[in-house]
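S.K.: Supplied in structure tokens, the structure appears directly below.
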Amino acid sequence: MLTTLFSLPSTTALDVNDEGALLVLYDGSGTRQVHHVAPDGTWRALTALDDTVRGARFVPESSKVVVEHDDGGSELGQLSLLDLDEPGLPTLTPLVHDPEYVHHLVDAKPGRVLFTTNRRNGTDFDLVAHDLGSDRDMALYDGGGWVMGVAPSPDDKWVVLSLASAPANSIQLLLVDTGTRSVTELTPYDAHNDQAAVSWLPDSTGFLVSTNADRDRMALRRYDLGDRAWNDVLVDDSRDLAGWASPNGEDLLVGVLHDGEVSLALHRLDDGSEVAPVGLPPGGCAGLLMLTPDPHWSPDGSFAAITYSSPVCPPTVFRYVPASGELLAVRPPEMPEPPAQLTHPESLLVPSFDGEQVPVFVFRPTGPDLGTTIVHVHGGPEGAAMRNWVPVVSALAADGHTVVVPNVRGSAGYGKRWYSLDDRELRLDSVKDLAAIHAWLPTIGSDPKRSALWGGSYGGYMVLAGLAFQPELWAAGVDIVGIASLVTFLENTSDYRRAMREREYGYLATDREFLESASPLNRVDDIRAPLFVIHGANDPRVPLSETEQVSDALTKRGVPCQVLVYDDEGHGLAKLKNKLDAYPKALTFLRDHLVS
């Protein structure tokens, strides 16, 4: 079953051109590669690299496609061009290459490509336009900071930048005039606001944005360039909203995030009124990460390409036609169906130490029940467990474990107040939520003595923190690219990431004592549960040294610690061959230590 689950291919929408053709990522080969899907449904592979492709866009008014790719999961994206008129597998021609720095593809316009890069100083990200005729670069923004999102206007006169701002988990919006390069602050740098899913109106008179400015939940607001004013479009005090305007000036797709599910509905653009729900299956997510991946409208607005996934459906592209309501899966003929025994989770609440209620998803065993429980913690920390495709969770359930997937305090998707409850000095309160879940396990018929932690990235930190600060509770842990020490992590991570992560965890210059106290490595002598660790050698986020430190310390004490390092991976496992090597070993490890 595990091999079947991880081998199920996925498709992800990237772009739509004037003819209605699609660019999609498809990982049927074992790595994500760009494919071209013609209007008649014919599939064609455009790349066959050893590593996964990170993105691609059509270059309008040409036969070219620009592709972003990296080497071994390093996240140092490089940009190359290919020509659709070239028969067979097109040749990738370097466009913007410098292997020391990040080049992130933003968009392609007629005759030029927009990208962000940290090549000026290694830390700050600039927005750059590369002219395809002269092969020259021009910086449209070089004012500093981490540019995390870029939204060019349809008339190419404006760009909205989403910049990491001073408070943790906050975004500042800047408006850039592409002619004069003048910058206008649309929101304050020091405001505790999240902003996502910027969508320009088709006439470039303004844009829509999902924002929690002055409220707890993400509302859909409109900014008008004419009077430089903000106005609410749609507000729901209990759910997060986002919207994407159609190029035809009539339609608006509205996403609603509630308890890990993202649904879509068609609305009118002029007044925001709902027309009809998009008929995606319930219990899943339109988009892959919260409300940020936008549907890709065709240039004429006749259809939208939407990526959908759920606990029973791998990421799949759907073609949605608003005029008729038609919804058609876009998949190659050889794409298999997922196993029928996959299930959706129960949604429950766990009382924590201070009266807060921790949302959790509970997946019951789909194989013979082992009487064991795995608490699967998401990364972030401001990420979230969603109702999307997580084959590890399905594999654990198929192996006979009950799987509890929590959104501990600090998780997104449950309001600004909730995701702020683990900031800085409150860090260990989220670890206390793990203890509350452990104490709650008997209420769902689980044996807390046979429970383990599993998590990746910040979730890996939570695994190590649970084992170190609550050594009497957990029987085992699986840590994937996790943080062992908040101090050495901040010291050794990429420069551009340190600049943002200190806002969340604390600053090395002023908060070192707290950072040390919240680091599992400083309590490593208390860990007694066996540990299984997976790490990529090229990880630019959490350096391999984090794994080396904790594994060396445990080995010296005789605590079982099995470590797998993959030389061709970065922050997690992206290649099928490595997943099929690592995850069966991790499941065997859990059986060995949890099943008597």
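The values are calculated or read from the model by the stated rules, or taken from the named source; none is laboratory data. None of the values given here were measured: they were computed from a predicted structure. We place every Cβ from the backbone using ideal geometry, glycine too, and count neighbours over all the protein chains shown. Calculation scope for accessible area: heavy atoms of the full protein, side chains included, ligands and nucleic acids excluded. Shrake-Rupley method; radii C 1.70, N 1.55, O 1.52, S 1.80 Å.
S.K.: Is it the case, given these coordinates, that ASP203 is within 21 Å of SER246 (Cβ to Cβ) and open to solvent by 30 Å² or more (accessible area, probe 1.4 Å)? Show your work before the answer.
M.R.: Details: within 21 Å of SER246 (Cβ to Cβ): yes; open to solvent by 30 Å² or more (accessible area, probe 1.4 Å): yes.
Criteria met by ASP203.
S.K.: TYR189 is checked against (1) in contact (Cβ under 8 Å) with a residue 40 or more places away in the chain; (2) touching a Ser or Thr at 6+ places or on another chain (Cβ under 6 Å) and fails just one. What number does that condition carry?
M.R.: It is condition (1) that TYR189 fails.
S.K.: Picking from ASP190, ASP271, which residue would you name as being more than 23 Å from ASP126 (Cβ to Cβ), in a loop (DSSP other than H, G, I, E, B) and either at pLDDT 95 or above or not basic (Lys, Arg) (or both)? Spell out the reasoning first.
M.R.: On the way: ASP190 fails: more than 23 Å from ASP126 (Cβ to Cβ).
Among ASP190, ASP271, only ASP271 is more than 23 Å from ASP126 (Cβ to Cβ), in a loop (DSSP other than H, G, I, E, B) and either at pLDDT 95 or above or not basic (Lys, Arg) (or both).
S.K.: Taking the conditions exactly as written (over 22 Å from LEU225 (Cα atoms), open to solvent by less than 40 Å² (accessible area, probe 1.4 Å) and either part of a loop (DSSP other than H, G, I, E, B) or touching a strand residue (DSSP E or B) at 6+ places or on another chain (Cβ under 6 Å) (or both)), does ASN121 satisfy them or not?
M.R.: Working: over 22 Å from LEU225 (Cα atoms): yes; open to solvent by less than 40 Å² (accessible area, probe 1.4 Å): no; either part of a loop (DSSP other than H, G, I, E, B) or touching a strand residue (DSSP E or B) at 6+ places or on another chain (Cβ under 6 Å) (or both): yes.
Considered against the rule, which asks whether it is over 22 Å from LEU225 (Cα atoms), open to solvent by less than 40 Å² (accessible area, probe 1.4 Å) and either part of a loop (DSSP other than H, G, I, E, B) or touching a strand residue (DSSP E or B) at 6+ places or on another chain (Cβ under 6 Å) (or both), ASN121 comes out as no.
S.K.: Filter the stretch 221-249 down to the residues that are touching a Phe, Trp or Tyr at 6+ places or on another chain (Cβ under 6 Å) and open to solvent by 60 Å² or more (accessible area, probe 1.4 Å) and list them by number. I'd like the intermediate steps shown before the answer.
M.R.: Here is the first cut: in the stretch 221-249, the residues touching a Phe, Trp or Tyr at 6+ places or on another chain (Cβ under 6 Å) are 221, 223, 230, 246-247.
Passing the criteria: only TRP230.
S.K.: Looking at the structure I just gave you, is ARG57 open to solvent by 10 Å² or more (accessible area, probe 1.4 Å), over 22 Å from the mean Cα position of the chain (by Cα) and within 27 Å of LEU328 (Cα to Cα)? First the steps, then the outcome.
M.R.: On the way: open to solvent by 10 Å² or more (accessible area, probe 1.4 Å): yes; over 22 Å from the mean Cα position of the chain (by Cα): no; within 27 Å of LEU328 (Cα to Cα): yes.
Against the criterion (open to solvent by 10 Å² or more (accessible area, probe 1.4 Å), over 22 Å from the mean Cα position of the chain (by Cα) and within 27 Å of LEU328 (Cα to Cα)), ARG57 does not qualify.
S.K.: Moving on to the next point. Mind telling me which of the residues ASP422, ASP429, ASP433 ends up being more than 23 Å from ILE534 (Cβ to Cβ), open to solvent by less than 20 Å² (accessible area, probe 1.4 Å) and at pLDDT 95 or above? Working first, answer last.
M.R.: Working: ASP422 fails: at pLDDT 95 or above; ASP429 fails: open to solvent by less than 20 Å² (accessible area, probe 1.4 Å).
From the options ASP422, ASP429, ASP433, the qualifying one is ASP433.
S.K.: Next question, about the same structure. Please go through the stretch 160-172 and pick out each residue that is over 19 Å from the mean Cα position of the chain (by Cα) and in contact (Cβ under 8 Å) with a residue 40 or more places away in the chain.
M.R.: If the condition is that a residue be over 19 Å from the mean Cα position of the chain (by Cα) and in contact (Cβ under 8 Å) with a residue 40 or more places away in the chain, then VAL160, ALA166, PRO167 are the ones that fit.
S.K.: Residue under question is ALA476, and the condition is that it be out of contact with any His (no Cβ under 7 Å at 6 or more places or on another chain) and among the hydrophobic types (A, V, I, L, M, F, W, C); does it hold? It would help to see each step written out before you state the result.
M.R.: Numbers: out of contact with any His (no Cβ under 7 Å at 6 or more places or on another chain): no; among the hydrophobic types (A, V, I, L, M, F, W, C): yes.
No: the conditions fail for ALA476.
S.K.: Those residues that are among the aliphatic types (A, V, I, L, M) and either farther than 18 Å from ALA38 by Cα or crowded, with 21+ Cβ neighbours inside 10 Å (or both), I need them from the stretch 300-329; list them, please.
M.R.: Filtering the stretch 300-329 down to residues among the aliphatic types (A, V, I, L, M) leaves 304-306, 312, 317, 321, 323, 327-329.
Result: ALA304, ALA305, ILE306, VAL312, VAL317, ALA323.
S.K.: Next up: Let me confirm something: among ASP18, ASP27, which residue is in contact (Cβ under 8 Å) with a residue 12 or more places away in the chain and open to solvent by 50 Å² or more (accessible area, probe 1.4 Å)?
M.R.: On the way: ASP27 fails: open to solvent by 50 Å² or more (accessible area, probe 1.4 Å).
The match here is ASP18.
S.K.: What's the number of the only condition in (1) at pLDDT 95 or above; (2) in contact with a Lys or Arg (Cβ under 6 Å, 6 or more places away or on another chain) that LYS579 fails to meet?
M.R.: Unmet condition: (2).
S.K.: Can you pull out the residues in the stretch 80-109 that are open to solvent by 70 Å² or more (accessible area, probe 1.4 Å) and closer than 20 Å to PRO152 by Cα?
M.R.: Of everything in the stretch 80-109, just one residue is open to solvent by 70 Å² or more (accessible area, probe 1.4 Å) and closer than 20 Å to PRO152 by Cα, namely HIS104.
S.K.: Which pairs do you get when a residue that is closer than 18 Å to LEU25 by Cα, found in the stretch 317-337, comes within reach of a residue that is basic (Lys, Arg), reach meaning Cβ atoms under 6 angstrom, with the pair 6+ apart or on two chains?
M.R.: What qualifies is LEU328/ARG319; VAL330/ARG319.
S.K.: Tell me which residues, restricted to the stretch 550-596, are without any contact (Cβ under 8 Å) to a residue 60 or more places away in the chain, closer than 18 Å to LEU467 by Cα and open to solvent by 40 Å² or more (accessible area, probe 1.4 Å).
M.R.: ASP552, THR555, LYS556, ARG557, GLY558, PRO560, GLN562, VAL563, ASP592, listed by residue number.
S.K.: Among the strands (runs of 3 or more DSSP E) lying completely within the stretch 194-256, list those that include at least 1 residues that are over 27 Å from SER302 (Cβ atoms), modelled with pLDDT of 95 or more and of a type in the set (A, V, I, L, M, F, W, C). Can you show your working first?
M.R.: On the way: elements: 195-200, 206-211, 219-224, 229-234, 240-245.
Fully inside the stretch 194-256 and qualifying: 219-224, 229-234.
S.K.: Taking the stated definitions as given, is THR184 of a type in the set (Ser, Thr, Tyr), open to solvent by 20 Å² or more (accessible area, probe 1.4 Å) and outside any strand (DSSP E or B)? Walk me through it before giving the result.
M.R.: Details: of a type in the set (Ser, Thr, Tyr): yes; open to solvent by 20 Å² or more (accessible area, probe 1.4 Å): yes; outside any strand (DSSP E or B): no.
Criteria not met by THR184.
S.K.: Tell me which of these THR3 doesn't satisfy, since it passes every other one: (1) surrounded by 20 or more Cβ atoms within 10 Å (Cβ to Cβ); (2) touching a helix residue (DSSP H, G or I) at 6+ places or on another chain (Cβ under 7 Å).
M.R.: The number of the failed condition is (1).
S.K.: Of everything in the stretch 304-340, what is closer than 17 Å to SER394 by Cα and among the hydrophobic types (A, V, I, L, M, F, W, C)? Give them in sequence order.
M.R.: The answer is VAL312, CYS313, ALA340.
S.K.: Taking the criterion of being farther than 22 Å from VAL463 by Cβ and among the aliphatic types (A, V, I, L, M), would at least one residue in the stretch 370-380 satisfy it? Let's see the steps before the verdict.
M.R.: Keep residues of the stretch 370-380 that are farther than 22 Å from VAL463 by Cβ, which gives none.
Within the stretch 370-380, not a single residue is farther than 22 Å from VAL463 by Cβ and among the aliphatic types (A, V, I, L, M).
S.K.: Which residues, counting only those in the stretch 138-157, are over 18 Å from GLY249 (Cα atoms) and open to solvent by 50 Å² or more (accessible area, probe 1.4 Å)? Steps first, please.
M.R.: Our first condition is that a residue be over 18 Å from GLY249 (Cα atoms); within the stretch 138-157, this holds for 138-150, 157.
Those that are over 18 Å from GLY249 (Cα atoms) and open to solvent by 50 Å² or more (accessible area, probe 1.4 Å): MET138, ASP142, GLY143, MET148, LYS157.
S.K.: Might you check whether a residue that is part of a strand (DSSP E or B) and buried (at least 19 other Cβ atoms within 10 Å of the Cβ) occurs anywhere in the stretch 335-348?
M.R.: Within the stretch 335-348, the subset part of a strand (DSSP E or B) is 346-348.
If we keep only those that are buried (at least 19 other Cβ atoms within 10 Å of the Cβ) as well, we get none.
So far as the stretch 335-348 goes, no, none of its residues is part of a strand (DSSP E or B) and buried (at least 19 other Cβ atoms within 10 Å of the Cβ).
S.K.: Of everything in the stretch 505-519 that's buried (at least 20 other Cβ atoms within 10 Å of the Cβ) and at negative phi, which residue is modelled with the lowest pLDDT?
M.R.: Just the residues of the stretch 505-519 that are buried (at least 20 other Cβ atoms within 10 Å of the Cβ), to begin with: 505-506, 515, 518-519.
Now restrict to residues that are at negative phi: 505, 515, 518-519.
Details: TYR505: 89, LEU515: 94, ALA518: 95, SER519: 96.
This residue is TYR505.
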